[in-house]
Amino acid sequence: MKPNQLFRLSRRVMAMMIPLAVSGCAAYYSHYAVFPAENSQREARQVKLTWQTAEYPDWWIADNKSTPITIETQCSTRKWRLVDDSHEEAGQADCADGIRACGVKGKDVLVGSGEPAGPGTRCMAINPGSPDPRITDIESSLNLLVSCEPVKTVRGSGDDSENIDYIRASSVPYIVYSRKSPRGSLIARPPELDDAVCEDDG
């Protein structure tokens, strides 16, 4: 094989190998937590947190990445998404630094003062006492601070009604323990929140 042919062949091999090396450097994980709490109506509920991460070796040029954290409350259709400054949505959630979710005008109020909680009000935060917290820094536990409550807990009426309540606010953060598993493994999928209790309430 001529030198120029060998050179072209080596370039093709390298071009094929680089994407494999890039994708192979990250380890992908699913995270979730489920814990008991009350909603704003003091009804016993399960609360679920879910997110995903991509983790790179210390020597790799890329930083660890994550999805926002989704928080769901049993029997409710309202979902919260908590972001940090690494996410595209952070520009729309400029109510605070760190891992946070802002209020929605007309839907949330600050507990205690009763002031309307709009886009400029932090309603939920994770590890608020930590300096510049990131979702990728969360280990096996986290502190969840909830500062708001819904203006209404039900939207619509009759057969068309839906519950939009969520986890009860507290001046003391909830201590939440999470599970981390390789994405795609049998234990990576979080449990479904049981609807039976919702039917019993009805």
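Assorted remarks:
This table checks each residue for (1) open to solvent by less than 60 Å² (accessible area, probe 1.4 Å); (2) more than 22 Å from Ser141 (Cα to Cα).
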{"site": "Ala62", "(1), (2)": "yes, yes"}
{"site": "Ile69", "(1), (2)": "yes, no"}
{"site": "Thr73", "(1), (2)": "yes, no"}
{"site": "Ser76", "(1), (2)": "yes, yes"}
{"site": "Asp85", "(1), (2)": "no, no"}
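- Residue in segment 177-192 that is modelled with the highest pLDDT, counting only those that are assigned to a strand (DSSP E or B) and open to solvent by 70 Å² or more (accessible area, probe 1.4 Å): Tyr177
- Residues satisfying the stated conditions in segment 41-55, i.e. open to solvent by 30 Å² or more (accessible area, probe 1.4 Å), farther than 19 Å from Ala188 by Cα and not hydrophobic (A, V, I, L, M, F, W, C): Gln41, Arg42, Glu43
- All of (1) modelled with pLDDT of 90 or more; (2) assigned to a helix (DSSP H, G or I); (3) not hydrophobic (A, V, I, L, M, F, W, C) hold for Glu38 with one exception: (2).
- The condition of being more than 24 Å from Gln74 (Cβ to Cβ) and exposed (fewer than 15 other Cβ atoms within 10 Å of the Cβ) does not hold for Gly118.
This table checks each residue for (1) surrounded by 20 or more Cβ atoms within 10 Å (Cβ to Cβ); (2) touching a Ser or Thr at 6+ places or on another chain (Cβ under 6 Å); (3) farther than 23 Å from Val83 by Cβ; (4) charged (D, E, K, R).
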| site | (1), (2), (3), (4) |
| --- | --- |
| Ile135 | yes, yes, no, no |
| Ile138 | yes, no, no, no |
| Glu149 | yes, yes, no, yes |
| Lys152 | no, no, yes, yes |
| Asp159 | no, no, yes, yes |
| Asp165 | yes, yes, no, yes |
| Ile175 | no, no, no, no |
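The values are calculated or read from the model by the stated rules, or taken from the named source; none is laboratory data. Small disclaimer: the values here were computed from a predicted structure and weren't measured. Here the Cβ is made from the backbone with ideal geometry for all residues, glycine too, and neighbour counts use every protein chain on show. Heads up: the accessible areas ignore ligands, DNA and RNA and are worked out on the full protein's heavy atoms, side chains in. Shrake-Rupley method; radii C 1.70, N 1.55, O 1.52, S 1.80 Å.
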